[in-house]
Every structure is written in structure tokens, then in C-alpha cells.
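Below is one structure, written out as C-alpha cells; the observations come after it.
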Amino acid sequence: MRSLSRLKSLQALEAAARHGSFVGAAEELGVSAPAVGQLVRSLESWVGHSLLKRSRSRTARLTPVEEARAALDDIARGLDLLESGLHQLHGRSLRAIVVVSASQMWVSNWILPKLTEFSQGNPGIDIRFDVADRLNDILNGEADIGIRCGDGNWPGLVSTRLMGEEVTAVCSPALMPIGGEVSASWLSRQALIHDASSLADPQQGFPTWEAWYSKAGFGIPKDNLNLHFNASVPAVQAATSGKGVLLVRSRLVSAEIDSGRLVEIFPDHSWPMTWSYYAVASARTLRRKEVQLFHDWLLAQQYSEAKAVGQSAPAGLDDVTDLAL
């Protein structure tokens with residue numbers, strides 16, 4: 001006979017270990033932090049030793065002891081199976097939800113134009129976007145899956161490379177010279193749009209206009225009008241409305257380029273980035289069927305794009321035909 005009398009204590013332990021605090025676990029479970037602490041202590045009393053230890057760092061996070069760490073994966077998997085069973089008992093009236101964390105530009109220009117296909121293929125799954133440029137704490141449950149740019153190394157998270165990136169110069173078709181041939185002389189008469197948010201992290205390697213001019217061999221600009229923005233969205237809007245020429249990550253304006261609202265200029269002088277885009281999630285979250293389906297759908301979308309231009313499929317996507325689209 002199974003004994004589930006300590007189920008609440010197991011929930012409290014798993015949530016506290018994942019959030020690194022009783023407060024975070026309490027917010028998730030809908031109880032008070034002292035109540036979470038009491039449940040964990042009752043479990044510690046039953047096993048006869050401590051299960052969590054408080055680190056001495058300034059954040060004072062809770063971390064599981066070695067014995068608990070070995071058991072937590074099984075505990076989390078068991079709780080996931082219980083939740084899955086409840087979903088099946090509840091039937092169709094209980095819809096699955098996937099919380100996706102990504103920047104506004106990424107959501108509006110890459111995910112949303114393709115999302116209808118996912119929704120039609122998975123009518124029982126709702127997608128909830130947490131649109132923000134800040135990095136959500138995916139490991140501790142602020143979102144189920146996120147799109148991140150970097151080298152693929154996020155401790156505690158499973159990262160799957162989606163695609164690389166390059167910076168390109170774009171402008172409105174209204175600015176293009178008669179005949180469509182752009183030149184250094186033509187560029188010297190255009191306003192240059194600057195996106196400060198792209199330059200905020202020097203390690204990202206986003207070029208300034210001066211660096212781009214130098215690499216292109218055009219000479220450093222001196223007399224251009226300059227328009228400065230502290231976010232990508234208004235910078236792109238300025239470019240589409242014909243206010244000037246913008247250096248931008250090509251993936252973030254693919255919809256504008258495909259629709260003709262923006263034109264890529266000087267493609268021979270694009271600037272490859274040293275990092276890539278990744279889908280990131282915790283191993284625990286990926287065990288949920290709906291999260292895995294959305295994760296695989298993201299890879300399938302990139303597979304289709306890569307195949308269309310003769311590139312190789314993203315690593316880890318061996319058979320796109322197995323994905324639920």
C-alpha cells in the first residue's frame with residue numbers, strides 16, 4: 001500500500017530546493033513561508049537529518065544536502081506524474097499552459113508570425129508570453145521556457161541552439177535611391193539610428209556605427225544626423241517610418257524584411273555575432289509534455305528556415321518528422 005501522508009512535505013521540500021528559499025516556495029504553493037518551513041522540518045524529523053542547508057553567501061539561498069539532492073530528481077518526477085494524472089482525470093476542460101519568456105522584438109518578429117501553426121496542431125495548449133528584456137529566473141519557475149542569446153552555458157538549464165545571428169544595416173524602401181543602388185556617398189547623407197540597448201553589454205559584440213563604417217572601408221562618418229534610442233522597438237519603428245538607417249540584428253527584423261517594410265542594405269558588410277540564440281528550460285520543466293512540444297516546435301521552425309536556405313538543421317534535431325507541429 002502506498003503512503004502519501006507526507007506528500008505536502010515533499011512538495012514543500014521540492015519547491016524550497018528549486019526556489020532556493022521558503023518565501024519563493026510559499027508563493028508557488030499558496031501558503032506562508034513559515035508553513036513551508038514547518039513542512040520541511042517535519043520531513044527532516046522523519047528522515048532523521050537535515051535536508052536543506054543555508055549558504056553563507058549574501059543571498060543566503062537554501063540548497064539541498066547531498067542525500068536530498070540524489071532524491072529530489074525522483075521526487076520532482078513523481079510530482080510531475082501526479083500532476084499529469086490529474087490533468088487526465090480532469091479531461092479536456094483543464095488546458096495546459098506554457099509560459100514563454102522572450103524579448104518583445106523576438107516575440108513580435110519571430111514567434112507570433114508562426115504561432116498559429118503551433119496552436120492549430122496543439123489545441124489543448126495555451127501559450128502565455130512573459131515579454132521583457134530582463135532575464136527571467138527560469139530555473140526557479142518564473143517561466144517554463146525562454147529564448148536567450150549567449151554561448152549556451154546557463155548553469156542548471158538545458159540549452160538547445162536554435163540559430164546564429166548577424167547585424168545588418170536596414171532602412172525603409174522610401175529612402176532607397178532611384179535604381180536601388182546604395183553607396184557610401186548615399187549613406188553619408190542619411191540619418192544614422194543608434195540602439196543603445198544593443199550596445200549595453202559590450203560582451204555581446206554589437207558594433208557601433210563607427211566600427212561598422214571602419215570595417216566596411218567607408219571612413220568614419222562626421223556629418224550624419226544621429227537619432228538615439230534606448231530600446232530596440234522604437235529604433236526599428238524609426239527605421240520603418242523612414243527616419244534613417246539602422247544597424248540591427250537580422251533575426252529581429254526578419255518579418256519587416258520579408259514584408260518589404262524594411263530593406264537590407266550593404267549585405268556584403270553584415271557583422272556576424274559570436275553568440276547564438278538558444279531555447280532554455282530546466283530539465284524538470286521539459287518533462288512536462290506541453291513544454292517539450294513547444295520546445296520541439298521551436299526547433300522545427302528553425303529547421304524549416306535553415307532547410308529553405310540550404311543550411312544544416314539545429315544540433316539535437318535529428319528527425320523533424322517526429323515533432324508535433
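Table for the structure above
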{"item": "Checklist (1) surrounded by fewer than 18 Cβ atoms within 10 Å (Cβ to Cβ); (2) at negative phi; (3) more than 16 Å from the chain's Cα centre (by Cα) applied to Tyr213, failing item", "result": "(1)"}
{"item": "Pairs where the first residue, in the stretch 6-31, is in contact (Cβ under 8 Å) with a residue 60 or more places away in the chain and in the same structural domain as Ala71 (by TED's automatic domain parsing) and the second is among the charged types (D, E, K, R) and not in a helix (DSSP H, G or I), C-beta under 8 Å, 6+ apart", "result": "Gly20/Arg61"}
{"item": "Meets criteria (more than 29 Å from Val263 (Cα to Cα) and in a loop (DSSP other than H, G, I, E, B)) for Gly180", "result": "no"}
{"item": "Among residues of the stretch 221-238, those that are over 25 Å from the mean Cα position of the chain (by Cα), assigned to a loop (DSSP other than H, G, I, E, B) and not aliphatic (A, V, I, L, M), counted", "result": "4"}
{"item": "Of all residues in the stretch 183-203 being assigned to a helix (DSSP H, G or I) and among the polar types (S, T, N, Q), the one that is farthest from the chain's Cα centre (by Cα)", "result": "Ser185"}
{"item": "Sole residue being surrounded by 14 or more Cβ atoms within 10 Å (Cβ to Cβ), outside the structural domain of Glu290 (by TED's automatic domain parsing) and at pLDDT below 80, chosen from Ala71, Ala76, Ala35", "result": "Ala76"}
{"item": "Every residue from the stretch 81-105 that is farther than 16 Å from Ala143 by Cα, out of contact with any helix residue (DSSP H, G or I) (no Cβ under 7 Å at 6 or more places or on another chain) and either among the aliphatic types (A, V, I, L, M) or at pLDDT 70 or above (or both)", "result": "Leu81, Leu82, Glu83, Gly85, Leu86, Leu89"}
{"item": "Exclusive hit being outside the structural domain of Ala76 (by TED's automatic domain parsing), surrounded by 15 or more Cβ atoms within 10 Å (Cβ to Cβ), within 25 Å of the chain's Cα centre (by Cα) and not in a helix (DSSP H, G or I), set Phe218, Phe206", "result": "Phe206"}
{"item": "Total residues in the stretch 186-203, condition of a type in the set (D, E, K, R) and either assigned by TED's automatic domain parsing to the domain that holds Met105 or buried (at least 17 other Cβ atoms within 10 Å of the Cβ) (or both)", "result": "1"}
{"item": "Qualifying residue in the stretch 142-159 (condition: hydroxyl-bearing (Ser, Thr, Tyr), farther than 20 Å from Arg249 by Cα, modelled with pLDDT of 90 or more and not in a loop (DSSP other than H, G, I, E, B))", "result": "yes"}
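Residues are listed down the side, and each one gets a yes or a no for (1) closer than 22 Å to Arg189 by Cβ; (2) modelled with pLDDT of 85 or more:
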| position | (1), (2) |
| --- | --- |
| Lys222 | yes, no |
| Glu264 | yes, yes |
| Val280 | no, yes |
| His295 | no, yes |
| Glu305 | no, no |
| Ala308 | no, no |
| Ser312 | no, no |
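The values are calculated or read from the model by the stated rules, or taken from the named source; none is laboratory data. None of these values were measured; they are calculated from a predicted model. Glycine also receives a Cβ, built like all others from the backbone with ideal geometry; neighbour counts cover every protein chain displayed.
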